[in-house]
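The values are calculated or read from the model by the stated rules, or taken from the named source; none is laboratory data. Keep in mind the model is a prediction, meaning the values are calculated, not measured. Here the Cβ positions follow ideal geometry from the backbone for every residue, glycine too, while neighbour counts run over all protein chains shown. The protein model used for the area step is the full one, side chains on, heavy atoms only, and it has no ligands, DNA or RNA in it. Shrake-Rupley method; radii C 1.70, N 1.55, O 1.52, S 1.80 Å.
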Amino acid sequence: MSTHDWGDQRIEIIVGALLRTGVTLAAAVVFCGAVVYFARHGTGVPNYAVFRGEPENLKSVSGIVHGALGMSGQAIIQLGLLLLIATPVARVLFSAIAFAIERDYLYVLITLLVLGILLYSLFGAGG
Amino acid sequence: MNVLEFSALIGLGSLLAGFLGALTGLGGGVVVVPMLALLFHVDIRYAIGASLVSVIATSSGAAAAYVREGYSNIRIGMFLETATTVGALAGVGIALYVSSNAIAIVFGVVLLCSAYLSSRHYVDGAHLPPSKLAQRLRLNGAYPGPNGKESYNVTGVPAGYGLMFVAGALSGLLGIGSGAVKVLAMDRAMKIPFKVSTTTSNFMIGVTAAASAGLYLHRGYIAPGLAMPVMLGVLAGSLIGARVLMRARVKVLRYLFATVIVVLGFEMIYKGITGRI
């Protein structure tokens, strides 16, 4: 029992560092995107009162990466948001590995199930 | 109002929401959507997308601070996440087919409920007999108390699991963390000690929100120009709030924030019924 507890504690410290890194990186990328976006569109008029849905290149993972490489401010922001969404996904992946090291196969299975749902949402469903 | 001014105003509002949300433990996400929809006349679908993103940011940011204390139970979290993530997908599915007005009404009711729930406190059942299901799932654990390790047993697994599905569905439908429902499921149904349930719930919120955020992104609900000030503002506000929390007397603030939530709740219901959202 106590060896498990210590294992869990160590895992959680690593998980904490992972989350902090992910959020910091995401916020930094979003901020850079904001600078580009303001420089180009800062004086434009915002309009979110009517829902039109974002264009294709800001909706799919490949479109966002492509746009960010082309230095589009909105695409860089979106890339930062993708990194943010990926942070909890990375934490779930890490937990699966940690449970596998502990040979807790019931929880490897449970964790992979959660991971599958997240990956479906991010890539599977019309991504 | 140009893009720069609009972003600055929304960033400031989000900062305040994140600050008060962290200070009172109610979460900032719950006021972001009403703020955007009622104050800035943003379409509720864009508001939900932006709010979800900020929920992931605060959850991950706060979790990084929490994990060092060793209260959260990673097995309880992961097991219940199978319910919240499936619930989140269901919530998004519902959101795609119901009208904005219906979403606003549900949102208002949830606001009123979370204000009510936050005004009550429960005593946890510290030394319960272990339940078979909890034992098989290895959910029982221990946390560092004042007199060394305090172990606890978990009960009511099916009820807690069901409530978690509802929490996930509300998170996906409304773009909020559903922290109130998650803590309710763990405190009341599963009798998990308060310290463990709050930290574990915070841990789960990010994963739950990530499950619906991907789907919303692909459907064009996440507008970068709007999500950017909301995410940065709420994140900064919640980090400041978490620091101030150690020193502040939050009781008065809690009531104040709960009052704001109640007012926003009625406003959302009213706007939803009269079809002006």
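Every condition in (1) at the interface with chain A (Cβ under 9 Å from one of its Cβ atoms); (2) farther than 24 Å from B:T274 by Cα; (3) open to solvent by 10 Å² or more (accessible area, probe 1.4 Å) is met by B:F19 except one, and the failing one is (1). Contact map, the range B:232-246: residues that are within 12 Å of B:G61 (Cα to Cα) paired with residues that are at pLDDT below 95 and open to solvent by 70 Å² or more (accessible area, probe 1.4 Å), Cβ distance under 9 Å, separation 6+ or inter-chain. Pairs shown: B:G237/B:L16. Against the test of being in a helix (DSSP H, G or I), under 19 Å from B:S51 (Cβ atoms) and within 13 Å of chain A (Cβ to nearest Cβ), the options B:A210, B:A169 yield a single qualifying residue, B:A210. Go through the residues of the range A:62-79 one by one and say whether even a single one is of a type in the set (A, V, I, L, M, F, W, C), buried (at least 21 other Cβ atoms within 10 Å of the Cβ) and within 29 Å of B:G70 (Cα to Cα). No, there is no match, as no residue in the range A:62-79 is of a type in the set (A, V, I, L, M, F, W, C), buried (at least 21 other Cβ atoms within 10 Å of the Cβ) and within 29 Å of B:G70 (Cα to Cα). Taking B:M1 as the residue in question, decide whether it is within 12 Å of another protein chain (Cβ to nearest Cβ), assigned to a helix (DSSP H, G or I) and free of Cβ contacts under 8 Å to residues at least 12 places away in the same chain. Spelling it out, it is not the case that B:M1 is within 12 Å of another protein chain (Cβ to nearest Cβ), assigned to a helix (DSSP H, G or I) and free of Cβ contacts under 8 Å to residues at least 12 places away in the same chain.
With respect to the conditions (1) on the phi < 0 side of the Ramachandran plot; (2) out of contact with any Ser or Thr (no Cβ under 6 Å at 6 or more places or on another chain), A:V23 falls short on a single one, namely (2). For the range B:70-83, the condition of being assigned to a helix (DSSP H, G or I), open to solvent by 30 Å² or more (accessible area, probe 1.4 Å) and in contact with a Gly (Cβ under 9 Å, 6 or more places away or on another chain) holds for none of the residues. For the subset of the range B:194-218 comprising residues that are crowded, with 24+ Cβ neighbours inside 10 Å and among the hydroxyl-bearing types (S, T, Y), which member is farthest from the chain's Cα centre (by Cα)? The qualifying residue farthest from the chain's Cα centre (by Cα) is B:Y216. The set of residues in the range B:162-198 that are hydroxyl-bearing (S, T, Y) and closer than 16 Å to B:S118 by Cα comprises B:S178, B:S197, B:T198. In the condition set (1) outside any helix (DSSP H, G or I); (2) touching a residue at least 60 places away in the same chain (Cβ under 8 Å); (3) surrounded by fewer than 24 Cβ atoms within 10 Å (Cβ to Cβ); (4) not acidic (D, E), B:Y221 is compliant with all but (3).
Is there a residue in the range B:224-240 that is surrounded by 20 or more Cβ atoms within 10 Å (Cβ to Cβ), of a type in the set (V, I, T) and farther than 30 Å from A:F38 by Cα? No, every residue in the range B:224-240 fails to be surrounded by 20 or more Cβ atoms within 10 Å (Cβ to Cβ), of a type in the set (V, I, T) and farther than 30 Å from A:F38 by Cα. For the range A:59-88: of the residues being outside any helix (DSSP H, G or I) and without any contact (Cβ under 8 Å) to a residue 40 or more places away in the chain, which is farthest from B:G61 (Cα to Cα)? Here the residue is A:G70. When residues in the range A:34-56 are screened for being more than 7 Å from chain B (Cβ to nearest Cβ) and buried (at least 17 other Cβ atoms within 10 Å of the Cβ), 1 of them pass. Restricting the range B:111-125 to residues that are among the polar types (S, T, N, Q) and surrounded by 14 or more Cβ atoms within 10 Å (Cβ to Cβ), the residue that is modelled with the lowest pLDDT is B:S118. Determine if the range A:49-56 includes at least one residue that is of a type in the set (K, R) and not in a helix (DSSP H, G or I). Yes: one or more hits.
Just one of the numbered conditions (1) open to solvent by 10 Å² or more (accessible area, probe 1.4 Å); (2) more than 8 Å from chain A (Cβ to nearest Cβ); (3) part of a helix (DSSP H, G or I) is not true of B:K191: (3). Candidates in the range A:89-116 are the residues that are in contact (Cβ under 8 Å) with a residue 60 or more places away in the chain and either buried (at least 21 other Cβ atoms within 10 Å of the Cβ) or not hydrophobic (A, V, I, L, M, F, W, C) (or both); of these, the one that is farthest from the other protein chains (Cβ to nearest Cβ) is A:E102. On the stretch given as the range A:30-46, residues that are closer than 15 Å to B:P229 by Cβ and not in a helix (DSSP H, G or I) total 3.
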